[in-house]
Every structure is written in C-alpha cells, then in structure tokens.
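A.B. asks: This is the structure I want to talk about, given as structure tokens.
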Amino acid sequence: MKNVFHFGIMATMAILLVAQAVPAQADKFTDTIEIYKKSEAVQPFFKGAYGYAVFPTIGKGGLGIGGAYGKGQVFQGGQVTGETSLVKISIGFQAGGQAFSEMIFFKDKRAYDEFTSGEFEFDAAASAVAITAGVQATAGTQGGTAGASAGPATGKQVKSGYHKGMAVFVHTKGGLMYEAAIGGQKFNFKAK
C-alpha cells in the first residue's frame, strides 16, 4: 500500500512538472512571434499571410559537414494546427555554430497545404531575409543564402517577397557560422 501511495505522489509530481512546462513552451513561440512583429519587413506578412510556421530555436553547426535541427509550430487563422521539425545536413565550406529562429509565411492555402503535406523541402533557389532584434532587416541573396549586414538596413535593402508561395525570415540568436543557406532544409509536419 505504501508503494502505491509513493507511486501516486510521484505520478502527481510528474504531471505537475509537465503541466508547468507547457506554458513555458507556448511562451517561447509567443516571444519569437513578437520579435518578428517588430520588424517592418515582416509586418506585412503577418497581415496578409494565410498561415505561418515558427521555429523559436534552430541549432546549426559544422566543420566541412554540418547539420541543423529545430522544432516549431504551424499556425493558420491564429490557431496552432500542428507541430513541425526542421532537419538539414550539408557538406561543403562551413565552419562554426549558430542558434537562430526562423519564420516561414505561407501566401495562400496551396503553399500552406504543400508545407503541411507531411514532408517538405526547400529547393536550392529558396532564400531568406535575416532580421535583427533592433527591428531593421537585411537582404536575402541569390542561390539560397542569407546574411546579416553589419549596420542597420534601409527599406531599400529589404527586398523580401514570396518564393513559390513562401517567405522565410531568420533572426540570429548567437554564434558565428560561415554558411546560412536554407536550400535543403527538410520539414516534417504532424497535425494537432
């Protein structure tokens, strides 16, 4: 009987710990969204997009061979519709490690459905726009790479738009890495 009582206490404590972790998880998504909402380059996408995916933290590292991984949530109509994960393996000239957040906006239902079909991969022509915490943004480049400028960017430097119905923004949280390509990122989606 005593063992059953101890098991009950342990189970209750575990449930309470898990319940407390869920709001913390939700907060990191909300916090990430708020960072992006401060960027003038991103604000129009919040107003006009059909939906979006949010990755609060993606870790990336490599030395010749590299990889990246992160977990996110997909939103449509202001509601979470599922969970997504990002995986990327790369080979080539790269060195260092970096943590960043990423948001992917879906222009319409077709782009949303393509991303949430189960497995999705960005092609080599995909590019991202890097934003800074100070609200200003930098430019995406050709060939699937993106980088941040040393100083604040002007509106003329920000040429963001949809590519095949999707627009990608990244925000560096820390680290230094020579390589920031999004081409080859693979996503899995699991509906809520």
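Read-outs: derived from the displayed coordinates by stated rules, not from any lab. Everything numeric here is computed off the predicted structure, so don't read it as measured data. Backbone-built Cβ (ideal geometry, glycine too); neighbour counts: all protein chains shown.
A.B. asks: Straight-line reach from K192: which aspartates and glutamates have Cα under 15 Å away, leaving out those fewer than 8 places along the same chain?
C.D. replies: Within the straight-line limit of under 15 Å, K192 reaches these aspartates and glutamates: E83, D113.
A.B. asks: List every residue whose amide H lies under 5 Å from the amide H of G51, counting only residues 5 or more places away in sequence or on a different chain, with H placed 1.01 Å from N in the peptide plane.
C.D. replies: F106
A.B. asks: Moving on to the next point. Give me K60, K47, K190 sorted ascending by neighbouring Cβ count inside 10 Å, so fewest comes first.
C.D. replies: Ascending number of Cβ neighbours within 10 Å: K47, K190, K60.
A.B. asks: Let me ask you something else. Tell me, what ³J(HN,Hα) does each residue in the range 100-106 have, in order and in whole Hz, if you take phi through Karplus 6.51 cos²θ - 1.76 cosθ + 1.60 with θ = phi - 60° and put x for Gly and Pro?
C.D. replies: Per residue, the Karplus-derived 3J(HN,Hα) values read 8, 9, 9, 10, 10, 9, 10 Hz.
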